[in-house]
Every structure is written in structure tokens, then in C-alpha cells.
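The values are calculated or read from the model by the stated rules, or taken from the named source; none is laboratory data. Keep in mind that what you see is a predicted model, and the values were worked out from it rather than measured. All Cβ positions, glycine included, derive from the backbone under ideal geometry; neighbour counts span all protein chains shown.
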Amino acid sequence: MRVRAFALRILRQMSHDKRTLALMIVAPLLLMTLVYYIFEGTNDEISIGAVGAPQQFIEAVESENDVTLTTYESRADAQQALTDGAVVAYIDIALTADDAELEAPRAYIMVDAAAGSKAQAAEKLLRSAAETMGGGAGLPSAIQPSSNSLDMGGNQPSSNLADTSDSQPSSNLPDTSDSRPSGNSLDMGSGQPSSNSLDTSKNQPSSNSFDVSVDYYKGIKNFTSFDMFGPTLMSFIVFFFVFLVAGMAFLKERKSGTLEKVISTPVRRWEIVAGYILGFGAITIVQSVIINVYIITVLGVIMNGSLGYVLLITLLEAICALSLGMLLSTAAGSEFQMMQFIPIIILPQLFFSGLFDLSEGWLIFGRIFPLTYAAEAMNKIMYYDGGIGDMWIDVVVLLGFSALFAALNVLLLKRYRRI
Amino acid sequence: MEAIELRNISITLGKVRILTDVDLSVRAGTVCGLLGPSGAGKTTAVKIACGILEADSGEAYVLGTKMPSLDGMRNVGYMAQEDALYADLTGRQNLEFFGQLQGVTKSTLAGRVDRALELVDLTADAGKLTSKFSGGMRRRLALAAAMLHEPPVLILDEPTVGIDPLLRKNIWDGLYAVARSGTGILITTHVMDEAEKCDRLVLMRNGRVIGEGSPAELKERAGKQTIEEVFLELSEHTAETKGGEAE
């Protein structure tokens with residue numbers, strides 16, 4: 001009865017406090033939309049400059065996905081483009097490609113490493129392309145086979161593993177060592193005489209190619225950055241806002257003197273805590289339905305599992321956040337102290353919740369945070385269609401955290417009234 | 001039976017001694033005024049009476065039940081010095097919440113709320129958010145919240161601050177009506193002329209009781225015309241004896 005009175009009161013207060021309601025429901029939607037556009041709007045295009053590159057080289061590089069190659073007249077021009085940030089790396093092969101008399105062709109690559117992963121990708125790409133080219137640099141014609149070498153398996157008849165049994169002993173894996181382990185383009189140029197790449201493919205049909213078939217686990221293809229971070233960030237945002245709103249509400253109860261009035265009635269301490277959980281729990285049900293449906297249907301985050309489980313985990317996590325928020329607000333002396341808990345208690349959870357690939361030790365450390373379990377369960381459901389059998393540990397741990405926080409809170413309320 | 005009884009209460013909060021050997025009793029069916037200047041310890045004394053605070057030594061009873069206890073609290077209606085109201089609820093919703101906490105049953109709640117609103121003349125404003133209430137209206141609503149469950153013991157901390165004189169008279173009439181039906185009322189005040197309206201007075205200064213009796217008795221004993229003069233006389237007296245003790 002009294003528990004229900006608290007819950008009803010919280011719902012009524014919330015209905016009059018549009019701003020707080022917006023903080024709990026609209027703000028997470030806005031944030032997730034923002035996150036969506038940040039990840040989806042990421043420019044994956046790698047811009048590379050080239051000076052004096054032969055046509056085959058340009059074609060080979062441009063055939064890669066998300067790469068644009070700009071040719072420059074001189075190295076100085078390319079350097080200027082790199083300085084301006086127009087390209088993350090450039091290659092200068094003007095000297096080598098034109099000078100057929102040079103035995104060992106050389107290329108010069110300049111990389112702006114501060115461009116991050118794009119620079120790394122560009123370096124790798126240019127390096128392998130240049131090495132491939134280098135193998136055939138002496139003979140202009142030899143360039144062709146080496147750039148085609150990726151297609152080798154496809155062009156040759158009967159190169160499939162399935163066919164090996166009938167005639168070609170050389171196609172067995174152990175035999176490949178004698179032929180050309182690196183027959184596929186990348187290493188070709190490294191030390192081999194320039195003539196062999198073309199010959200290889202003719203004389204030794206195919207000994208070293210596999211018929212590769214790829215399957216996608218749980219049918220997940222086209223996994224975007226938003227899919228990667230969306231579920232975890234959503235968990236964090238829900239956790240954060242529920243923590244904040246519930247913690248502040250409980251703090252306000254104390255500051256406004258209403259807690260004193262409340263404890264002058266024959267209410268039990270646990271009834272206060274349970275009432276808050278019931279009231280805010282009801283609000284978080286609405287909140288989690290709206291947020292989850294929004295990011296799944298409107299933002300189109302990966303969703304292979306059941307919505308029911310997603311809602312269950314969101315709700316459990318929200319209850320955990322609100323019991324933690326109440327506990328800390330009971331412990332806090334002021335709104336400002338409550339704010340101080342955010343960098344200490346809330347933000348670190350984000351770092352350990354699976355957004356980053358952490359070492360074993362840090363992963364274990366992350367186990368002390370509720371959000372880790374919520375994010376883990378969320379990924380299991382949304383990526384792999386996990387059921388209760390896959391995530392029961394997360395469910396139990398989240399419930400355990402909630403119970404622990406609530407129990408501590410009931411104890412801590414003794415500060416205000418012993419009985 | 002005594003509605004409220006404090007026996008030999010002493011309490012220290014933080015490092016400050018707030019109350020020293022306070023004895024106080026309120027008979028059922030009477031209005032007892034706890035009179036003293038700000039800082040005398042009135043609020044601490046009433047909080048101990050209603051079970052929010054516990055004394056370091058001494059005992060507190062409500063209708064014979066030792067406080068703090070949930071059973072005792074059921075019998076008390078407490079109005080705090082600050083208006084303990086939820087600004088984002090309407091007047092009626094505030095009363096409904098506190099009524100439910102006090103255990104008023106669903107069937108009687110609406111009627112009790114109506115009656116309490118009527119007593120404090122807020123029936124017309126019951127649907128407004130209390131954030132829109134004036135200071136006096138909030139005070140009246142807080143009073144209504146204390147009386148809602150019709151408890152046999154009322155503890156009111158400065159209930160009439162900021163309420164206009166006509167309404168104040170109505171409230172006092174209302175309180176007397178409640179008292180005559182058997183309720184024991186303990187009311188703190190620092191307004192001397194309000195003290196005159198009480199059946200009995202307990203005068204406090206610096207955490208000690210410096211005098212008690214009906215207003216008429218107190219005036220007669222001290223040979224003074226007003227309670228204010230009585231208070232000054234008793235204050236000087238205790239200051240002297242205290243000074244004497246120190247020597």
C-alpha cells in the first residue's frame with residue numbers, strides 16, 4: 001500500500017515535470033540519433049597521391065574499395081597535398097618506372113601517420129602494390145600478370161581442392177611448398193626473377209589455390225560501426241539518465257524536507273526504497289520500449305534477437321541504475337557531491353563495457369561494473385539472437401547488483417531514522 | 001493518559017548540546033504551547049516527540065508508547081517547520097500521498113482530504129500545483145497534511161507563520177475543536193500573543209525548560225501583565241542562577 005503510494009506519487013510528479021520526463025526519454029533518443037549520424041557519416045574514403053605511377057599501378061590501387069588516387073606532376077605537389085591534408089600518403093615512382101635500366105626499381109612513400117588508421121591502411125596498400133609492381137618493373141609486360149595474379153585461382157580450371165584427388169598430385173597442400181607458396185600476388189616481387197610469375201601460372205596449373213567459401217556467423221553481414229557501438233552506448237545512456245534522474249529525485253526529497261515528513265509517518269525504510277524502484281521502474285519500462293524500438297526500427301541497428309529480451313535487459317539495467325543512484329544520493333551531502341560521483345562511478349563503466357578491446361586484466365576489472373553485464377547481454381541478444389540460456393548470468397548479476405544497492409540503501413537510511 | 005511525555009531529555013547534535021534535561025507533557029484534549037526564541041531547542045524537542053530524532057538520554061512517549069516506534073508514529077500528525085510538500089504535485093495529490101503513508105484507507109481518503117482542505121480554506125486551490133502556492137497557502141496545506149488522518153496527537157512546529165490574522169483565528173478555532181474532541185496538541189511558537197491562546201505553556205530557553213503552567217498561572221506567579229514579561233523575568237532568573245552556579 002505504502003509502496004504503491006510512493007510509486008503513484010513519482011508517476012504524478014513526473015507527469016507534471018515535463019523537463020525531467022524529456023531528460024529520460026527524449027534526450028536518449030537525441031543522443032542515439034547523434035551517435036548514429038556520427039558513425040554512419042564516417043568518411044571511409046582513403047585519399048592517396050601518386051607521382052609518375054604507371055597506369056597498371058593506378059588501376060590496381062583504385063580497384064581497392066574506398067580508395068581515391070590522385071596523380072601529381074611532381075613530388076613537391078604531392079607533398080603540398082599531404083601538408084594540406086588532401087591525401088594521407090603518396091607514392092613517388094617517377095624515378096624508377098621511367099628508368100628501365102635500374103635493376104632494382106625503387107619507390108618512395110610518404111605517410112602522414114597522424115591520419116590514424118587510414119594512414120596505416122594507405123601505407124599497407126601502397127607498399128604491397130609497389131612491391132607487386134617492383135617484381136615486374138624491368139619488363140613492362142611482366143606487370144600485367146602480377147596485377148592479375150589475384151585472379152589466378154579463378155582462371156585456372158580444375159584448381160579446386162575437390163578436383164585434386166583425380167590427377168594432380170601437386171595440388172595437395174604438402175606439395176605447395178615446392179612451387180610457390182606466395183604465388184598470390186603480394187610477395188611475388190620480393191626476390192624472384194621477374195619472368196616467373198607469368199610462367200608459374202601456365203606451367204603449374206594452380207597447385208596452390210583454394211576454393212574459398214565464406215559463411216557469416218549467425219548471418220551477420222554488413223556489420224557497421226553503429227551496430228558495433230549502438231547497443232553498448234544505448235545501455236550506457238539509459239543507465240546514465242536513470243541514475244541521474246532517480247538520484248536527483250531522492251536527493252530533492254531530502255533537501256526539501258519531505259523526507260523528514262515521510263519518516264514521521266509509520267513507513268518502513270524498505271518501503272521507501274521499494275516505492276522508488278516501483279515508480280521509476282514503471283517509467284523506465286516506457287523509456288526502454290521507446291528507446292529500443294526507436295534505435296531498432298528508425299536507426300536500424302543490428303537486431304537478430306527478440307525485442308522482449310532486449311527490453312528485459314534494459315529494464316534490469318535501469319533498475320540497477322536507479323538503485324545505485326538512490327544509494328549514492330543517500331550517501332551524498334549535496335547535489336554537487338552527487339555530480340562528483342558521475343566521473344568516478346559512471347564514466348569508467350563506459351570504458352569497461354566493451355567499447356574497447358581490453359587486455360585480460362582490465363576485462364576482469366570491468367566485471368565489477370553492472371554496465372559490463374548489461375552491454376554483454378545486449379550484444380548477445382542483438383547480434384547472436386541469444387536467449388535466456390546465453391545470458392542468465394548477466395541477468396542474475398544485474399539483479400544481484402540491484403538487490404545489493406537497494407539493501408545498502410535501506411541500511412544507509414538509518415542515518416535519518418533508526419527504525 | 002498523557003498524549004505526549006518527554007522525560008529528562010538531553011541531546012547533543014554534532015558537538016552542540018541542544019537540549020538539557022527537558023521534561024514536557026501534553027494532556028489529551030488540550031493545547032500545549034512550547035514557547036521560546038529561535039534556537040531554544042523547540043524543534044529538536046518536538047522531533048524527539050514524534051520519533052524522527054532520538055535523545056541521548058531520557059525517554060519520549062506518545063500515548064504511552066515509547067518513541068521512536070512505528071506504532072507511536074501512527075498516532076502522530078507532524079507538521080514540520082519547513083513546508084514539506086512536493087512542488088510538482090497538486091495540493092490534493094500531496095494530501096493523498098501523505099494520507100496513504102499514514103495508512104488512511106482508500107474508501108475514507110477522499111472524504112478526509114476534502115475535510116482537511118476545508119479546514120485550511122484551500123478547497124478552491126486543491127487542483128493547483130503547490131509550486132504555484134503562496135507561502136501562506138503552503139503552510140496551510142502542510143497543516144492539512146498533518147491533520148488528515150485525524151491522529152490523536154498533533155505536533156505542529158510553528159504552524160501559523162505567514163498566515164493572515166483572520167485565517168489564523170479560524171485555524172486556532174479549528175485546532176480547539178479538534179482538541180476538545182480529545183486530541184492532544186503540542187504547538188511551538190515564538191509569537192507571544194499566540195501563546196496566550198494555549199491551555200498550557202512550556203517556556204524554553206537555551207535548551208532548558210525555564211517555566212510552565214497555564215498562561216494565567218504564569219502571569220500571576222510572576223506578577224506580570226503579559227507572557228512576554230513573564231518570559232523576560234524567567235530568562236533573567238535562570239541567567240542569575242546559572243551565573244550563581246558558575247561562581
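Here are some notes:
- Extreme residue, farthest from the chain's Cα centre (by Cα), among residues of region B:31-57 that are under 22 Å from B:Ala80 (Cβ atoms) and of a type in the set (Ser, Thr, Tyr): B:Ser38
- Only a single criterion out of (1) within 27 Å of B:Leu201 (Cβ to Cβ); (2) in a helix (DSSP H, G or I); (3) aliphatic (A, V, I, L, M); (4) without any contact (Cβ under 8 Å) to a residue 24 or more places away in the chain is not satisfied by B:Leu109, namely (1).
- B:Val113 falls short on exactly one of the conditions (1) surrounded by fewer than 23 Cβ atoms within 10 Å (Cβ to Cβ); (2) over 20 Å from the mean Cα position of the chain (by Cα); (3) more than 7 Å from chain A (Cβ to nearest Cβ), and that condition is (1).
- The set of residues in region A:303-359 that are of a type in the set (Val, Ile, Thr), within 18 Å of A:Ile237 (Cα to Cα) and surrounded by 14 or more Cβ atoms within 10 Å (Cβ to Cβ) comprises A:Val310, A:Ile313, A:Thr314, A:Ile319, A:Ile342, A:Ile345, A:Ile346.
- Single match in B:Gly77, B:Gly72 (criterion: crowded, with 21+ Cβ neighbours inside 10 Å, closer than 20 Å to B:Leu156 by Cα, more than 8 Å from chain A (Cβ to nearest Cβ) and touching a residue at least 60 places away in the same chain (Cβ under 8 Å)): B:Gly77
- The C-beta contact set for region A:2-17 (first residue in the same structural domain as A:Val286 (by TED's automatic domain parsing) and farther than 16 Å from B:Lys132 by Cβ, second residue of a type in the set (Val, Ile, Thr) and in a helix (DSSP H, G or I), distance under 8 angstrom, 6+ apart or interchain) comprises A:Phe6/A:Ile272; A:Ile10/A:Ile283; A:Leu11/A:Ile283; A:Met14/A:Thr20; A:Met14/A:Ile283.
- A:Ile10 vs. criteria among the aliphatic types (A, V, I, L, M), assigned to a helix (DSSP H, G or I) and within 14 Å of another protein chain (Cβ to nearest Cβ): yes
- In region B:80-105, residue nearest to the other protein chains (Cβ to nearest Cβ) [restricted to those that are of a type in the set (D, E, K, R) and without any contact (Cβ under 8 Å) to a residue 40 or more places away in the chain]: B:Glu82
- Those helices (runs of 4 or more DSSP H) lying entirely in region A:196-306 with at least 3 residues at pLDDT 90 or above and closer than 30 Å to A:Val3 by Cα: A:225-255, A:258-263, A:269-293
Condition check ((1) more than 8 Å from every other protein chain (Cβ to nearest Cβ); (2) crowded, with 18+ Cβ neighbours inside 10 Å; (3) touching a helix residue (DSSP H, G or I) at 6+ places or on another chain (Cβ under 6 Å); (4) of a type outside the set (Ser, Thr, Tyr)) across all residues:
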site: B:Gly14; (1), (2), (3), (4): yes, no, no, yes
site: B:Thr20; (1), (2), (3), (4): yes, no, no, no
site: B:Ala28; (1), (2), (3), (4): yes, no, no, yes
site: B:Val31; (1), (2), (3), (4): yes, yes, yes, yes
site: B:Gly36; (1), (2), (3), (4): yes, yes, yes, yes
site: B:Asp56; (1), (2), (3), (4): yes, no, no, yes
